[in-house]
Amino acid sequence: MLVLDEAVRDGLLVRNPAKDRARRRVVGRSAPPIEAQESPRDFALPDVGTLSRLVEEAVQRGGHQAWGDCVMILATTALRISEVAGLQVGDVDLLRGLLAVRRQTYPGRGGLVTKETKGRRRRPVPIIEPLRATLERLTVEI
C-alpha cells in the first residue's frame, strides 16, 4: 500500500486502489475445490537459464543493473522486497554461504524507514550457487 501511496504522490496514479474499501464480488463466495486451486509450484521458474533471461530483461527494461540484481536476489532467496532493500554488505557471508536477514527498509512518511523484520526475527538464508556471482559483485571492495 505504501508503494501505491508513493505512486499517487509522484503523479503516476490518480488514487491508491488499495484504499478502496468497497466490497468485492468474491466476498461471501466459497473457496474453489482443492483440485481447482493452483499450487505455488505452478509459478516456479523451470531452470536457471530462465531466471538468467528474466534478470537480463529486468536490466534492459529498468535501464540499470540494480533491477536485475533485485530480481536475482528475490528469486533465489524468497526474501520480501523490503528485506532485500534492507540488506547491507555486512549481512553477506560468502565463506559460510549465508545471508543474515536483520532488517527491512521501505518507503514511509518523510523518506525511507528501516526497522526489524516482520516477526522481529533475524534469520540466516542460504546463498545458492546462481546467486553467488551477484553477491560477490555487489560486495567487492572498491
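Within region 75-100, residues that are of a type in the set (Lys, Arg) sit with their Cβ atoms under 8 Å from residues that are modelled with pLDDT under 95 and open to solvent by 60 Å² or more (accessible area, probe 1.4 Å), at 6+ positions apart or across chains, in these pairs: 80/118. In region 34-52, the residues that are surrounded by 10 or more Cβ atoms within 10 Å (Cβ to Cβ) reach residues that are in a helix (DSSP H, G or I) and modelled with pLDDT of 80 or more with C-beta atoms within less than 6 angstrom, at least six apart or across chains, in these pairs: 45/51; 48/130; 51/75. Once region 60-80 is narrowed to residues that are touching a strand residue (DSSP E or B) at 6+ places or on another chain (Cβ under 8 Å) and under 20 Å from residue 112 (Cα atoms), the residue that is surrounded by the most Cβ atoms within 10 Å (Cβ to Cβ) is 79. Among the residues of region 104-126, the one identified as over 26 Å from residue 10 (Cα atoms), at pLDDT 95 or above and crowded, with 17+ Cβ neighbours inside 10 Å is 125. Are there any pairs, at least 6 apart or on different chains, whose C-beta atoms fall under 6 Å, with the first in region 1-13 and assigned to a helix (DSSP H, G or I) and the second open to solvent by 60 Å² or more (accessible area, probe 1.4 Å), and if so, which? Close Cβ pairs (under 6 Å, with a partner that is open to solvent by 60 Å² or more (accessible area, probe 1.4 Å)) amount to 7/13. Here is the figure for region 56-80: residues that are touching a Phe, Trp or Tyr at 6+ places or on another chain (Cβ under 8 Å) and of a type in the set (A, V, I, L, M) total 2.
Here is a yes/no grid of residues against (1) assigned to a loop (DSSP other than H, G, I, E, B); (2) modelled with pLDDT under 95; (3) farther than 15 Å from residue 134 by Cβ; (4) more than 11 Å from the chain's Cα centre (by Cα):
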site	(1), (2), (3), (4)
45	yes, yes, yes, yes
49	no, yes, yes, yes
72	no, no, no, no
87	yes, no, no, yes
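Yes or no: residue 91 modelled with pLDDT of 95 or more and of a type outside the set (Phe, Trp, Tyr)? So residue 91 passes the test.
The values are calculated or read from the model by the stated rules, or taken from the named source; none is laboratory data. No experiment lies behind these values; they were computed from the predicted model shown. With ideal geometry, Cβ positions are generated from the backbone for all residues, glycine too; neighbour counts draw on all protein chains shown. For accessibility, only protein heavy atoms count, side chains too; no ligands or nucleic acids. Shrake-Rupley method; radii C 1.70, N 1.55, O 1.52, S 1.80 Å.
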